[in-house]
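The values are calculated or read from the model by the stated rules, or taken from the named source; none is laboratory data. From a predicted model like this one, the values you see are computed outputs, not experimental measurements. Note: ideal-geometry Cβ built from the backbone for every residue, glycine included; neighbour counts use all protein chains shown. Just so you know, the surface numbers come from the protein's heavy atoms only, side chains and all, with ligands and any DNA or RNA stripped out. Shrake-Rupley method; radii C 1.70, N 1.55, O 1.52, S 1.80 Å.
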Amino acid sequence: MGCDGGTIPKRIELVRTKKKAEKVDKDAKNIANWQFCHLSQMPLQEPIVACELGWLYNKENVIEYLLDRASFESGPQYIRSMKDLKELKLTPNKNYKGPCDEKRDDYRDLNASKWVCPVTGLEINASYSCCLLWKCGCVFTEKALKEVKSETCHACGCKFEEEDIVSLIPDEEVIRVNEERMCGRREKAKLSRKSKKAEKKKLTVEEDEESGAAAGAAAGPPPAKKMAREASVPGPSKASTVAPNIAQIAREAVTKPYKTIQDDPKASKVYKNLFNTCEDAKTRPTAHWISCNPQYY
């Protein structure tokens, strides 16, 4: 069976098959990740910051996201504040001529980069694997860190460990490594904060004890020691000095040979006139000032 004109169609022209999903070009994707912000999809402009997973952002866009998350359709939830980001210290590329004019027929090199590695001189772009040192923010190619092995940064001299290396624009395998290192850094920072709080609390307690000891030395022995020393010395205590006075007064009142204070020969006349049993009080025509009861004799 043929078509008009005697042509014989092929099977692919007659049978409709399911279309395959379009594959994204990996190189084009990497180039876009190096040139555009991972959050706003705007072209990268300095200052540029990177998260702990290795994605690049415009600092201005990240600040807007942190201030108003609702205005963005989606965003990285692991970015809690600006402390979770690191500003990049990039070495400018002297041979970079700037973006070409699209209206003209000039050749456009998509891999041309504004920045280079300060050690190898290679451009920081999708053609080479690049790394960020989280402690200082300097950016190098992975080749520079492997060939020139050192425990200090090649640009600023800051000490770093292997856990401080963050691979920029990572693939699926590298993202897992960056995520593990991110969790390790955050756990270490949490433990260091707890230890600093404990040390600070310990120092404040020691300072309080020293100040208390100094004040105690200036004022004399502490009350507990003083009471213990008084208890060890033979003699009546404070409680025993108050009670015997009352008992002594009662005992003297019982053992006195006279009935009233007026009969006491040792009492003075002024002291006897304080009581309403004196002669002046008996003959007074007004109320007594102590009892407020009128007594007329």
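General observations
- Residue check for residue 207: part of a helix (DSSP H, G or I), of a type in the set (D, E, K, R) and within 27 Å of residue 32 (Cα to Cα): no
- Yes/no for residue 44 being open to solvent by less than 90 Å² (accessible area, probe 1.4 Å) and either of a type outside the set (A, V, I, L, M, F, W, C) or within 22 Å of residue 127 (Cα to Cα) (or both): yes
- Candidates 113, 167, 211 - the one that is hydroxyl-bearing (Ser, Thr, Tyr), surrounded by fewer than 12 Cβ atoms within 10 Å (Cβ to Cβ) and out of contact with any His (no Cβ under 7 Å at 6 or more places or on another chain): 211
- Looking only at residues in the stretch 58-92 that are open to solvent by less than 40 Å² (accessible area, probe 1.4 Å) and among the β-branched types (Val, Ile, Thr), the one that is modelled with the highest pLDDT is 62.
- When the stretch 29-50 is filtered for residues that are over 37 Å from the mean Cα position of the chain (by Cα) and without any contact (Cβ under 8 Å) to a residue 12 or more places away in the chain, only 29 remains.
- Cβ separations smaller than 9 Å between residues 6+ apart or across chains give the following pairs from the stretch 141-161 residues that are without any contact (Cβ under 8 Å) to a residue 24 or more places away in the chain to residues that are among the basic types (Lys, Arg) and open to solvent by 50 Å² or more (accessible area, probe 1.4 Å): 151/159; 152/159; 153/135; 153/159; 161/135.
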